[in-house]
Amino acid sequence: QVQLVESGGGLVQPGGSLRLSCAASGINIRLYAVSWYRQAPGKQRELVGTIPSAGSTRYVDSVKGRFTISRDNAKNLVYLQMNSLKAEDTAVYYCNTVYRGAMVWGQGTQVTVSS
């Protein structure tokens, strides 16, 4: 069974940093594109960025220069490093991949940016 599990969320002050992790099981995550999404209260889920199996990582304009997606293939992990956090980054963050044509989602991790 393919599973994704996010961790690393929490409460951080504006301007601070957090690193989220997405742990994959049941697949070799290095072979798959992985996306990070977020959903703020009352808003639709939005794509934050995607790291492909090969090639350049892409980000939504609102996080470019602040967020970085990377992989640790040895640990079967994908990270979302978030710097210079803003109140508007507050959301539940999800990682996602497509496995055999089906979307696989983690349970999400809450990130709250507040003073």
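Values quoted throughout were computed directly from the atomic coordinates according to the rules given, and no laboratory measurement underlies them. These numbers come from a predicted model, not from an experiment. Cβ placement follows ideal geometry from the backbone for every residue including glycine, while neighbour counts extend to all protein chains displayed.
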Cβ-based charge dipole, the range 1-74, positive-most Cα from Ile51, Tyr32, Cys22:
Ile51
Highest-fluctuation residue, Leu47, Leu18, Leu31 considered, GNM on the chain with Cα pairs under 10 Å
Leu31
Can you give the local net charge around Gly10? Use residues other than it whose beta-carbon is closer than 15 angstrom to its beta-carbon, Lys and Arg +1, Asp and Glu -1.
0
Starting from the Cα of Glu46, step 7 Å toward the Cβ, then list every residue of the range 74-115 with an amide N under 13 Å from that point.
86-92
Near Val48, within a Cβ-to-Cβ distance under 15 Å, what is the net charge of the other residues, with Lys and Arg +1 and Asp and Glu -1?
+3
Determine ³J(HN,Hα), in whole Hz, for all residues of the range 65-82 in sequence, where each value follows from phi through the Karplus function 6.51 cos²θ - 1.76 cosθ + 1.60 and θ = phi - 60°; x replaces Gly and Pro.
x, 10, 10, 9, 9, 9, 10, 10, 5, 5, 9, 6, 10, 10, 10, 10, 8, 10
So what's the gap between the Cα centers of the range 1-26 and the range 82-106, to the nearest angstrom?
9
Residues of type lysines that Lys75 reaches as a straight line, Cα spacing below 29 Å, ignoring anything fewer than 8 places off in the same chain
Lys64
Charges at C-beta only: +1 for Lys and Arg, -1 for Asp and Glu. How large is the resulting dipole of the chain about its Cα centre, in Debye rounded to 20?
180
For Lys43, which aspartates and glutamates qualify as cross-link partners when the Cα separation must be under 13 Å and same-chain residues fewer than eight apart are set aside?
Glu88, Asp89
